[in-house]
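> The structure under discussion is supplied below as structure tokens; questions concerning it will follow.
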Amino acid sequence: MSRLQQTDGLTEEQTELIKLVREFVDEQIIPVAMELEHKDEYPQAIVDGMKEMGIFGLMIPEEYGGLGESLLTYALCVEEIARGWMSVSGIINTHFIVAYMVLQHGTEEQKQHYLPKMATGEIRGAFSMSEPGCGSDVAAIKTKAVKGDDGEWSITGQKMWLTNGGSANLVAVLVKTDTGADSVYKNMTTFLVDKESGFGETAQGVTVPGKIDKMGYKGVDTTELIFDGHRTTDAQILGGEPGKGFYQMMDGVEVGRVNVAARGCGVARRAFELGVSYAQQRETFGKKIVDHQAVLFRLADMAVKVEAAHEMMVKAARKKDSGQRNDLEAGMAKYLASEYCSQVVEDSFRIHGGYGYSKEYEIERLYREAPMLLIGEGTADIQRMIIGRRLVEDYKLKA
Ligand SMILES: Cc1cc2nc3c(=O)[nH]c(=O)nc-3n(C[C@H](O)[C@H](O)[C@H](O)COP(=O)(O)OP(=O)(O)OC[C@H]3O[C@@H](n4cnc5c(N)ncnc54)[C@H](O)[C@@H]3O)c2cc1C
């Protein structure tokens with residue numbers, strides 16, 4: 001096994017589970033990823049395999065039918081899965097965020113209703129904040145829910161960039177609810193929207209127009225979502241009360257950032273593996289290219305980044321698991337892991353010479369996938385804003 005990305009202090013159970021996932025990745029994901037990705041085909045057999053392993057319920061407590069594992073275990077599994085194919089980790093990511101939000105913020109009724117079926121993968125979650133006009137500036141959302149005299153809500157507006165927007169049958173969606181609160185942040189609410197999986201009108205007043213055609217991150221569907229007078233009730237508000245949606249979403253994003261960091265770690269490790277392998281096969285000027293110091297140094301730099309990102313990601317996950325706020329660490333981990341991932345992938349691409357540009361080589365796919373990590377769950381510059389602000393709070397000069 002690779003000497004990189006080893007994690008100290010794991011229990012026997014965690015070690016076993018991660019080994020199982022690694023074997024699944026080597027046997028069931030890596031051999032088919034390239035072909036499925038080129039066809040932009042949904043990896044149904046892989047998803048079925050993950051359902052059987054209980055991956056969809058990894059962090060859902062045992063009382064609701066899940067495995068009750070920690071964020072760290074989850075992140076280490078995601079790291080392995082992303083090493084095989086980043087899109088597969090995308091399929092579980094939004095599901096995991098929604099399950100986490102229901103667990104942390106849902107009413108007992110919502111937990112009883114959703115979590116057991118989410119644990120088996122029967123209900124699959126998508127997470128929706130972004131709109132055509134805004135992503136980073138969450139408070140600028142326009143999709144609105146209005147309560148009628150009959151006590152029912154009506155949701156109208158357009159959402160954008162829903163990972164798993166077509167395949168999911170539950171969407172946690174952030175909308176404006178002008179209930180007269182003094183702050184814009186308290187005028188936002190998360191609704192749990194049940195829908196059919198698929199495209200077209202998938203619930204009353206809820207349309208998924210089709211898949212967005214992307215440069216990478218293929219296989220997993222990314223969609224728009226249009227609400228046109230979707231009728232719903234208080235019972236579908238996460239936690240039962242309006243006005244808490246922004247904070248609930250930010251909590252979800254915080255664990256999502258650890259998850260994106262884990263994906264960056266997995267993709268970077270794969271890029272390193274591909275680079276170090278190619279460098280020992282290709283010959284130029286009478287020797288293997290790995291024996292040219294420039295290539296060896298490039299590999300060394302890549303490995304340092306692979307290792308550093310993993311350590312930072314593990315730290316962020318452990319902090320959340322210990323019950324502490326981890327916004328700073330999650331922001332740092334996401335920022336570092338996604339930037340390093342891009343750089344390691346670029347370096348591996350260069351090691352491959354012209355062949356890196358050929359679709360016959362896996363690195364070509366990684367090269368199109370890595371940029372997504374710089375954007376999703378908050379862009380790199382948004383992470384820098386979060387990190388900077390937290391540190392200025394922490395290091396505030398005493399008057
Ligand atoms: C493949 C994919 C999947 C996605 N999946 C989901 C999903 O499942 N659910 C969901 O809700 N969203 C999803 N998103 C949306 C994603 O979260 C947003 O794209 C992201 O938050 C950036 O928002 P934006 O695209 O509107 O860019 P903008 O917010 O318009 O930003 C544009 C540029 O301006 C910079 N910028 C913006 N504000 C500032 C500032 N204050 N200071 C400095 N720089 C700034 C940004 O860093 C960026 O470089 C997905 C996106 C992609 C590409």
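The values are calculated or read from the model by the stated rules, or taken from the named source; none is laboratory data. In this text the structure is predicted, and so the values were computed from the model without any measurement. Counting neighbours? That spans all protein chains shown, and the Cβs are built from the backbone with ideal geometry, glycine included. The area values use the complete protein model at the heavy-atom level, side chains included, leaving out ligands, DNA and RNA. Shrake-Rupley method; radii C 1.70, N 1.55, O 1.52, S 1.80 Å.
> Which strands (runs of 3 or more DSSP E) sit wholly inside segment 189-286 and have at least 2 residues that are over 21 Å from residue 95 (Cβ atoms) and out of contact with any Lys or Arg (no Cβ under 8 Å at 6 or more places or on another chain)?
Passing ranges, in order: 200-203, 222-232.
> Before we move on, is residue 60 out of contact with any strand residue (DSSP E or B) (no Cβ under 6 Å at 6 or more places or on another chain) and under 20 Å from residue 318 (Cα atoms)?
It is true that residue 60 is out of contact with any strand residue (DSSP E or B) (no Cβ under 6 Å at 6 or more places or on another chain) and under 20 Å from residue 318 (Cα atoms).
> Taking the stated definitions as given, is residue 381 under 27 Å from residue 129 (Cα atoms) and open to solvent by 10 Å² or more (accessible area, probe 1.4 Å)?
Yes; evaluated as a whole, the condition is true for this residue.
> Applying the selection to segment 349-378, what residues are open to solvent by 30 Å² or more (accessible area, probe 1.4 Å) and in contact with a Ser or Thr (Cβ under 8 Å, 6 or more places away or on another chain)?
The answer is 371, 374.
> Please count how many residues of segment 275-294 are acidic (Asp, Glu) and either on the phi > 0 side of the Ramachandran plot or loosely packed, with under 13 Cβ neighbours inside 10 Å (or both). Step through it out loud before you land on a result.
Let us first name the residues in segment 275-294 that are acidic (Asp, Glu), namely 283, 291.
Restricting the remaining residues to those that are either on the phi > 0 side of the Ramachandran plot or loosely packed, with under 13 Cβ neighbours inside 10 Å (or both) gives 283.
Residues flagged as acidic (Asp, Glu) and either on the phi > 0 side of the Ramachandran plot or loosely packed, with under 13 Cβ neighbours inside 10 Å (or both) within segment 275-294 amount to 1.
> For residue 298, indicate whether it is charged (D, E, K, R), part of a helix (DSSP H, G or I), in contact (Cβ under 8 Å) with a residue 40 or more places away in the chain and within 30 Å of residue 40 (Cβ to Cβ).
no
> Follow-up question, since we're still on this one. Considering segment 232-244 alone, what residues qualify as being in contact with a helix residue (DSSP H, G or I) (Cβ under 9 Å, 6 or more places away or on another chain) and either of a type in the set (Phe, Trp, Tyr) or surrounded by 21 or more Cβ atoms within 10 Å (Cβ to Cβ) (or both)?
237, 238, 242
> Right, here's the next one. Take residue 2 and decide whether it is touching a residue at least 60 places away in the same chain (Cβ under 8 Å), under 24 Å from residue 223 (Cα atoms) and among the polar types (S, T, N, Q).
no
> Specify which of the listed residues (272, 297) is open to solvent by 50 Å² or more (accessible area, probe 1.4 Å) and of a type in the set (Phe, Trp, Tyr).
297
> Please indicate, with yes or no, whether at least one residue in segment 270-281 is in contact with a helix residue (DSSP H, G or I) (Cβ under 7 Å, 6 or more places away or on another chain) and without any contact (Cβ under 8 Å) to a residue 40 or more places away in the chain.
Scanning segment 270-281 turns up at least one residue that is in contact with a helix residue (DSSP H, G or I) (Cβ under 7 Å, 6 or more places away or on another chain) and without any contact (Cβ under 8 Å) to a residue 40 or more places away in the chain.
> Within segment 142-162, track down each residue that is hydrophobic (A, V, I, L, M, F, W, C) and either within 16 Å of the ligand (Cβ to nearest atom) or open to solvent by less than 30 Å² (accessible area, probe 1.4 Å) (or both).
Residues satisfying the conditions are 145, 153, 155, 160, 161, 162.
> Okay, moving on. Does segment 389-399 contain at least one residue that is assigned to a helix (DSSP H, G or I), aliphatic (A, V, I, L, M), surrounded by 20 or more Cβ atoms within 10 Å (Cβ to Cβ) and more than 15 Å from the ligand (Cβ to nearest atom)?
no
> Only one residue in 276, 253, 295, 267 is modelled with pLDDT of 95 or more and within 18 Å of the chain's Cα centre (by Cα). Which one?
On the way: 276 fails: within 18 Å of the chain's Cα centre (by Cα); 253 fails: modelled with pLDDT of 95 or more; 295 fails: within 18 Å of the chain's Cα centre (by Cα).
Unique residue meeting the criteria: 267.
> Being under 27 Å from residue 374 (Cβ atoms) and modelled with pLDDT of 95 or more narrows it down to one of 145, 119, 168, so name that one.
Result of the check over 145, 119, 168: 168.
> Considering (1) in a helix (DSSP H, G or I); (2) within 14 Å of the ligand (Cβ to nearest atom); (3) surrounded by 21 or more Cβ atoms within 10 Å (Cβ to Cβ); (4) among the aliphatic types (A, V, I, L, M), say which one residue 139 fails and leave the rest.
In the conditions (1) in a helix (DSSP H, G or I); (2) within 14 Å of the ligand (Cβ to nearest atom); (3) surrounded by 21 or more Cβ atoms within 10 Å (Cβ to Cβ); (4) among the aliphatic types (A, V, I, L, M), residue 139 misses (3) alone.
> Would you say residue 346 is of a type in the set (Asp, Glu), open to solvent by less than 30 Å² (accessible area, probe 1.4 Å) and outside any strand (DSSP E or B)? Write out each step before concluding.
Details: of a type in the set (Asp, Glu): yes; open to solvent by less than 30 Å² (accessible area, probe 1.4 Å): no; outside any strand (DSSP E or B): yes.
Here the answer is no, as residue 346 does not meet what is asked.
> Quick one: would you say residue 192 is within 22 Å of the chain's Cα centre (by Cα), farther than 27 Å from residue 370 by Cα and among the hydrophobic types (A, V, I, L, M, F, W, C)?
Answer is yes for this residue.
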